[in-house]
Each structure stands twice: as C-alpha cells, then as structure tokens.
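One structure follows; several queries about it will come next.
The values are calculated or read from the model by the stated rules, or taken from the named source; none is laboratory data. Worth saying up front: this structure is predicted, and the values here are computed from it rather than measured. Don't worry about glycine lacking a Cβ; one is built from the backbone with ideal geometry, like all the others, and counts go over all protein chains shown.
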C-alpha cells in the first residue's frame, strides 16, 4: 500500500472522466431522471412513498456498478493495467485508487439524487436526511466495489455487461421492492438476508419512515461497509500480475 | 569446478538477461519450448522473427507479466518479475498502452508518480522522444506513431537499466524510424540494455546482436556480422531463410554470457 500511488491513480481516473463531459453529465443526472420517472408513474397513488427510498438505493447502485466495471475492464484491455503492474504499482493501490475516484463521483451523484427525490419529487423523509444520505452514498460505493470485483472476472465487454444481470438483478428482485422480503418463500428470504442491497433498501426505508432507531440503521450501514471493504480486498487479491 | 562456478558469477555481471530452459504454454500449445539465451548489458539486441514466433511471449516473460510453465529468467541478477526490478525495467507493449483521454503530459505525470521518478523526468522524456509540440494534446487525438512514442516516453521515465520494446517502430515513417534508432543508440551508449523486437528484417542491421526466433526456438544468437558470415549473405532476410534451410541454428553467445548459458 502506498498513498502516493493510490491518490495518483484516483486523480488520474478523475482526470480521464473530466475530459469526457457527456459521461460526467450522465453519471450525475441519470439516477435523478429515473427517480423522477418513477415518481411520475405513481403520481396519482401513494406508492412512491413506499418505493421511493428503494429507488435511491437502486439507480446509483446500478450506474456505479456499470461505469466502474467497464472502466477497469477498459484498462485491462488497453494494456495500461499490464504496464502499471510491471511498474511498482500495488494491486491494492490500483483498486483503491479506482474506488476513491468513483466514490467521490458517487457522493455527488447521490447528493443530487437524494435532493431531487426529496425536494423535487416530494419524497417524504421522516428520519434524518443525513443518515439517508450516508446510507445512499454507501450504497453507491457498494455498486463501485462490486463493479471492481466483477471486472476482475470478466475478459470482455460482453461478459462485464452480463455480470450486471447476474450480480445486480437478483439483488433487486430479492431486495423487497416487488414484495416485502418477509413474504418471500423461506429459501429466498434467507438468501435475501445476505444480499448487500437488501441492507441498503431496508435502511433507506427505515430512515424514510423513521421506523427504526439510529443504531439499527447504523448496523445496516456497517454491513454495507463490510461488503465494500470485502469486495475491494477480494478485487485486489484476484488481480494478477502474471497472465496466461 | 569451483573455478568454473566463480566464472559463472563473473559472467552474470556481463549479462543483463539470462533465460534458461524457458517453456511457456498458451492456449494448450507450447509457444516457447526450453528456450535458453543471454542478453549482454549495454547493447541493443534485436529480437527478430515472423509474427507468431513467440517474440511477445518471450518479452512478457522477461518483464514478468507472463505465466511461465518452467525454466528460469534472471534480469540484472534478480528473478524476472521481482519487485526490485519494477523500477529498473521499462516495457513498451506493441499496442500503445497509454490513456487516450489524457494529454501526453498528464499521462507521463501519472506514470512518473507511480515509478517515483523525479518531476524533471517528464520534460526529459518529452524532449528525447520529440513530443514537445504535442505535449498538451489528448493522446487520443494523436497519430499512431505519436501514440507509440508517448508509450515509449513513459517507459523511459526513471531511466531504466533494461528496456524491453515490442515492435516500437512499426508503422512509423522512415524519418521517424531513423530518429528512434538514434535514440535507442544513445540510450545504449548511456549504459542501458535494449531488447527490441521487430518483424522488419531491415532493422536488424541497426542492432549489436540478433536473436532470430522461429516457432519458439532460436535460429540464431549472434552478432549481425556473425549471422551474415555464417549464412554467406549480406541480407538478414536471406540469412533467416538459409538458417531455416540448413536446419542448424547459429548459436554463438558473447564471451561474457557464454559460460553461463552453456552451464
């Protein structure tokens, strides 16, 4: 581990994105647009109050997963990763640099998405807005971390794109958006208890309804953080200096 | 015997790269099969052979990014891929491995920080590769030749002792190619060892020594003069053909690396 190399990598990744204005705009605006769309769909009903918090968990998570996994895959395919790993670049420095860069983007993206949901779409938040924001950021970071991990196993863009339905969709389906998790069949409920996105959705819904204590929500938040750390560690372990 | 072993360690100081019995398998087929060779320090060694002969695989193995089935590789007396070698070697892949969405200077600034080279190195390598006029431009907007020079410039950061360059002159216009070879010569004069691959036989004559590779085996390990003499021709392409015809490689390692590889 070396902070100079980690920060240099984070700075470089942000520098690359900064040159691509359209990507920056898409990253920051797309989750909010989708949340707005969902709010509009349910504008004549009360459903948005129930699923709005889950949408804050969902869209940034998906967007960050895709963007991160594709940009690290690009690095692999362009030969720059091989060059870096032939240099004194730590595997952890590389992964953490990416996590920092996309983590920073996730903070901005989430801030916009939460503000949009609350002040434009009129999502009612009974609990602490700060706690909502904290969980939402952790959730977007989770997307980044899982994206980093997924790209380690993907050899092509085709594979990376398919990792999304494979890794992300089951978490959405079992996350309690379609039916509450406690109404799932026993086996699926048990699985859903372990999926990180379930923790994020639970926590966001609890903050919105102010139905649980701050400690309960913090505990959920810590589980998400553990998933983030675990994915980053696993991602850097699976990175290979030597390839076939 | 003891005398002999001492000679070996002396000899090691003369060789920058020592490959012994290297076998690499890719996609189930052996790409390199029990290959042994030595590269003397401070010289330009041309690694020539047709596409598919194993040049890139050999280079990747020497840099330490290739999974190797068996055999040993020493670079500057250390096992290939050692942590200590990562600042002492420069590697340029065939495809320019730089970031298209950063400027030339931003690319070099990033790689400099990874290597830990002094900040003044950026201007030095820009000057040496004559990228000054385009230093502020995005790499993606440059020509293929310019991009590969950016990739080369990145490898020159930190003044590495061993440079492994995979087809660095491919697709360049003749003027630029001559300039690059002048640069390679000046780097060797400064003491660097350069292993340069090419499939253009013309370029062979600019090297000090040649490694001719075909189907993962050496056809020749000799000086340019030596190869031409053995095959009684003045054309490296012709020499290559005659070596295939006579079915006996021309292996004459330099004196300083000979004992080591024959062990």
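Only one of (1) farther than 19 Å from residue B:48 by Cα; (2) within 14 Å of another protein chain (Cβ to nearest Cβ) fails for residue B:164. Which number is that?
It is condition (1) that residue B:164 fails.
Say we look at segment B:84-97 and pick out the residues that are at the interface with chain A (Cβ under 7 Å from one of its Cβ atoms) and over 20 Å from residue B:41 (Cα atoms); which of these is modelled with the lowest pLDDT?
Among those that are at the interface with chain A (Cβ under 7 Å from one of its Cβ atoms) and over 20 Å from residue B:41 (Cα atoms), it is B:95.
So residue A:44 fits all but one of (1) assigned to a helix (DSSP H, G or I); (2) away from every other protein chain (no Cβ under 14 Å); (3) modelled with pLDDT of 90 or more; what number is the exception?
Residue A:44 satisfies every listed condition except (1).
Taking residue A:108 as meeting all but one of (1) in contact with a helix residue (DSSP H, G or I) (Cβ under 8 Å, 6 or more places away or on another chain); (2) farther than 17 Å from residue A:10 by Cα; (3) in a helix (DSSP H, G or I), write down the number of the exception.
Failed condition: (2).
Of these, B:72, B:87, which one is loosely packed, with under 15 Cβ neighbours inside 10 Å and not in a helix (DSSP H, G or I)?
B:72
Quick test for you: out of A:127, A:122, pick the one residue that is surrounded by fewer than 14 Cβ atoms within 10 Å (Cβ to Cβ) and outside any helix (DSSP H, G or I).
Going through A:127, A:122 in turn, the sole match is A:122.
Moving on. If you check every pair at least six apart or on different chains, which have Cβ atoms under 9 Å apart with a residue in segment B:105-116 that is on the phi > 0 side of the Ramachandran plot and in a helix (DSSP H, G or I) first and a residue that is buried (at least 24 other Cβ atoms within 10 Å of the Cβ) and at pLDDT below 95 second?
As it stands, the answer is none, since no pair meets every condition given.
When the residues of segment B:144-162 are narrowed to those that are more than 16 Å from the chain's Cα centre (by Cα) and in a helix (DSSP H, G or I), which ends up nearest to residue B:128 (Cα to Cα)?
Across segment B:144-162, the extreme among qualifying residues is B:150.
Determine whether residue A:45 is surrounded by fewer than 20 Cβ atoms within 10 Å (Cβ to Cβ) and free of Cβ contacts under 8 Å to residues at least 24 places away in the same chain.
So residue A:45 fits the description; yes.
Moving to a separate point now. Name the residues in segment B:200-231 that are assigned to a loop (DSSP other than H, G, I, E, B) and buried (at least 16 other Cβ atoms within 10 Å of the Cβ), would you?
B:207, B:208, B:216, B:231
Across segment B:117-141, which residue is nearest to the other protein chains (Cβ to nearest Cβ) among those that are under 20 Å from residue A:83 (Cα atoms) and buried (at least 16 other Cβ atoms within 10 Å of the Cβ)?
Among residues in segment B:117-141 that are under 20 Å from residue A:83 (Cα atoms) and buried (at least 16 other Cβ atoms within 10 Å of the Cβ), the one nearest to the other protein chains (Cβ to nearest Cβ) is B:138.
While we're looking at this one, here's another question. Of the residues that sit in segment B:57-79 and are more than 14 Å from the chain's Cα centre (by Cα) and within 11 Å of another protein chain (Cβ to nearest Cβ), which one is farthest from residue B:118 (Cα to Cα)?
Only one residue fits best here, namely B:69.
Specify the residue that is nearest to residue A:20 (Cα to Cα); the eligible residues are those in segment B:92-101 that are surrounded by 21 or more Cβ atoms within 10 Å (Cβ to Cβ) and in contact with a helix residue (DSSP H, G or I) (Cβ under 6 Å, 6 or more places away or on another chain).
Ranking the qualifying residues of segment B:92-101, first place goes to B:99.
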